[in-house]
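Asks: Questions regarding the structure given below will be posed in turn.
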DNA sequence: TCGATTATGGAACGATCATTAAATAATATC
DNA sequence: GATATTATTTAATGATCGTTCCATAATCGA
């Protein structure tokens, strides 16, 4: 029919995703996306219509990160220790980084979703992936008698996911010396499951 | 000495605060601030040097909101019910709003603090005000035997504050039909205190 | 090989960005 | 009332914003 695309869509969206992740939605310019992806302006706009379109596709691409966290939850170890590893990992990545960037879904929830219902839906889809992974882990913990069964796994999963999002906010203002505080929050969250 | 200021600094900073709150830091332009404050560009820049300076002062002004939440915690009622009112109030304001804006401190934590340590310090100061108010409330609850004393009030306050920040993230992607989910999170958070 | 169709890269669009310069106005001290 | 100092207003700065246009290139089915 016509000339085929020369660029690898996954590579382009990964580059866009990294840019939005590092600089935020409003903080990312079309020039930033051209530089990051290597594409010409025309190609970018022909493929994704506008900045918002690029952002939405980059956010969809980000879903694989949430799946990565779910995969980690399924690795060997007790369910509670897997949940601890999830939360400590989230905290440690940014506390140890020279440039903090948090989580693109969380960042987009706060910066964009408040004013854009369509992005809110996309972010919610991302949130659901992790929440279901947590729920699955909690169910395993309940079966093993490690987590209380007085509350259903779905409710406990929401509770843990909420704590995870809290950690993302607190980590963004925290320094290395605050690691102990964040650890006590993780401790209390896990204690609430027993 | 010289010509006195004609503008009321509190009014100007309130207007700037509202603008940053509603549109975000990067989403707010100098023109937006001129329109909101009624000042000329020159006056704004003479008084606050640049956009970042205006933002910092607006963020300082926002501290009174955190103090307002603390005041509410001190109103009549059992400590646990006061904490519930705090969290439900936070959720309800945005779920019922046509335009969600969340919390300026939380928004700034995510959008700005990750990349600006000075703003991180400012936001942390705001966070500390509410966290200490929560701690005070928890201590009252412990004295009344309503909240467990097996963990010190400071730790439990961090745990509750973390949940509050989680709610701010979740609320930004939530609709009116998600109120029940958020309520169960609040329930679980309070159950963890008993 | 031709015509239809789509991709590409770069130039160009008007609008807006944050910031500054300059001219005028108002006050305090002397 | 003169002078120094600061506030206010308006215009203008160069840079960058998101987006579009256009000429060229590459591939398809015919």
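Asks: Quick one: angle between helix B:153-173 and the longest Cα principal axis of chain B, in degrees between 0 and 90, rounded to 10, please.
Replies: Long axis of B:153-173 versus the principal axis of chain B: about 60 degrees.
Asks: In whole Å, what is the distance between the alpha-carbon centres of the stretch B:1-69 and the stretch B:99-172?
Replies: 25
Asks: Using Cβ contacts closer than 10 Å as the measure, can you line up B:135, A:88, A:9 from fewest to most?
Replies: A:9, A:88, B:135
Asks: Taking the number of other C-beta atoms within 10 Å as the exposure measure, put B:28, B:173 in order starting with the fewest.
Replies: If I rank by nearby Cβ atoms, fewest first, I get B:28, B:173.
Asks: Can you tell me what the convex hull of the Cα atoms of chain A projects to on average, as an area in nm²?
Replies: Average of the hull's projected areas for chain A equals 13.0 nm².
Asks: Right, next: Provide a whole-number value for the mean count of partner chain Cβ atoms within 10 Å of the Cβ atoms in peptide B:119-129.
Replies: If you average over the peptide's residues, the count of other-chain Cβ atoms is 2.
Asks: In deg cm²/dmol and to the nearest 500, what is the mean residue ellipticity at 222 nm of chain A if only DSSP H runs of at least 4 residues count, each as -39500 (n - 2.57), divided by the residue total?
Replies: -23000 deg cm²/dmol
Asks: So what's the angle, to the nearest 10 degrees on a 0 to 90 scale, between helix A:9-23 and the longest Cα principal axis of chain A?
Replies: Its long axis makes an angle of about 70 degrees.
Asks: A further question on this structure: When the expected Rg is taken as 2.2 N^0.38 Å, what fraction or multiple of it is the alpha-carbon Rg of the protein assembly as shown?
Replies: 1.04
Asks: Is the stretch B:100-194 rounded, prolate or oblate when judged by the Cα gyration tensor, a ≥ b ≥ c being the square roots of its eigenvalues, rounded requiring a/c under 1.5 and prolate requiring a/b larger than b/c?
Replies: oblate
Asks: Still on this structure, please answer the following. Shortest first and in nm to one decimal, what separations exist between residue B:2 and its copies in the other chains, measuring from label points 7 Å along the Cα-to-beta-carbon line?
Replies: Between copies, matching label points for residue B:2 lie 6.2 nm apart.
Asks: Give the average, rounded to an integer, of partner chain Cβ atoms located within 10 angstrom of each Cβ in A:180-188.
Replies: Taking all residues of A:180-188 together, the mean is 4.
Asks: Could I ask something else about it? Would the stretch A:56-105 count as rounded, prolate or oblate if I go by the C-alpha gyration tensor, calling it rounded below 1.5 in a/c and otherwise prolate when a/b exceeds b/c, oblate otherwise?
Replies: It is oblate, given that a/c is not under 1.5 and a/b is not larger than b/c.
Asks: According to the square roots a ≥ b ≥ c of the eigenvalues of the Cα gyration tensor, what is the shape class of the stretch B:22-130, taking rounded for a/c under 1.5, prolate for a/b larger than b/c otherwise, and oblate for the remainder?
Replies: prolate
Asks: With a 10 Å Cβ neighbour count serving as the proxy for reagent exposure, in which order, fewest first, do A:121, A:8 appear?
Replies: A:8, A:121
Asks: Hey, what angle do you get for helix B:51-73 against the long axis of chain B, alpha-carbon based, 0 to 90 degrees rounded to 10?
Replies: Tilt relative to chain B: about 30 degrees.
No lab work stands behind these numbers, since they all come straight from the coordinates. All of these numbers come straight from a predicted model, not from anything done at the bench. For neighbour counting, all protein chains shown are included, and Cβ atoms are generated from backbone atoms with ideal geometry for every residue, glycine included.
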